[in-house]
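> Here's a structure for you.
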């Protein structure tokens, strides 16, 4: 097992839908495998971190729907801007 495999085995991966006042983001968040998986999203939102990392994500512009949807390998989102976050359908 290489270093990447060991890292992936020690984290939960969850596909999420995140909505802010300006954006809709769909992508993956990662958290350490500590505690119950069912508490993943609440742990992310209730942690003392100001930003969460979202990987392999799609970014839609709510305030400018004519803009093309963007795809990013990585985004950081300020937790205080999140209006809604829920698991996303695959």
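> Can you tell me which residue within the range 24-33, out of those that are surrounded by fewer than 17 Cβ atoms within 10 Å (Cβ to Cβ) and at pLDDT 80 or above, is farthest from residue 75 (Cα to Cα)? Spell out how you get there, then give the answer.
First pass over the range 24-33, keeping only residues surrounded by fewer than 17 Cβ atoms within 10 Å (Cβ to Cβ): 24, 28, 32-33.
This time we only want the ones that are at pLDDT 80 or above, so: 24, 28.
On the way: 24: 12, 28: 10 Å.
The residue in question is 24.
> What residue, of 45, 75, 40, is at pLDDT 95 or above and on the phi < 0 side of the Ramachandran plot? Steps first, answer last, please.
Details: 45 fails: at pLDDT 95 or above; 40 fails: at pLDDT 95 or above.
After applying the criteria, what remains is 75.
> While we're looking at this one, here's another question. Take the residues in the range 65-82 that are assigned to a loop (DSSP other than H, G, I, E, B) and loosely packed, with under 10 Cβ neighbours inside 10 Å, then tell me which one is farthest from the chain's Cα centre (by Cα). Steps first, answer last, please.
Within the range 65-82, the subset assigned to a loop (DSSP other than H, G, I, E, B) is 65-69, 82.
Filter once more, keeping what is loosely packed, with under 10 Cβ neighbours inside 10 Å: 65-66, 68.
Working: 65: 21, 66: 24, 68: 20 Å.
Ranking the candidates gives 66 first.
> Just the residues that are at pLDDT 95 or above and surrounded by fewer than 19 Cβ atoms within 10 Å (Cβ to Cβ), please, taken from the range 12-22.
Listed by number, the residues that qualify are 17, 19, 20, 21, 22.
The values are calculated or read from the model by the stated rules, or taken from the named source; none is laboratory data. As the structure is a prediction and not an experimental result, all values here were calculated from the model. Because the Cβ atoms are built from the backbone with ideal geometry, glycine has one as well, and the counts that use them run over all protein chains shown.
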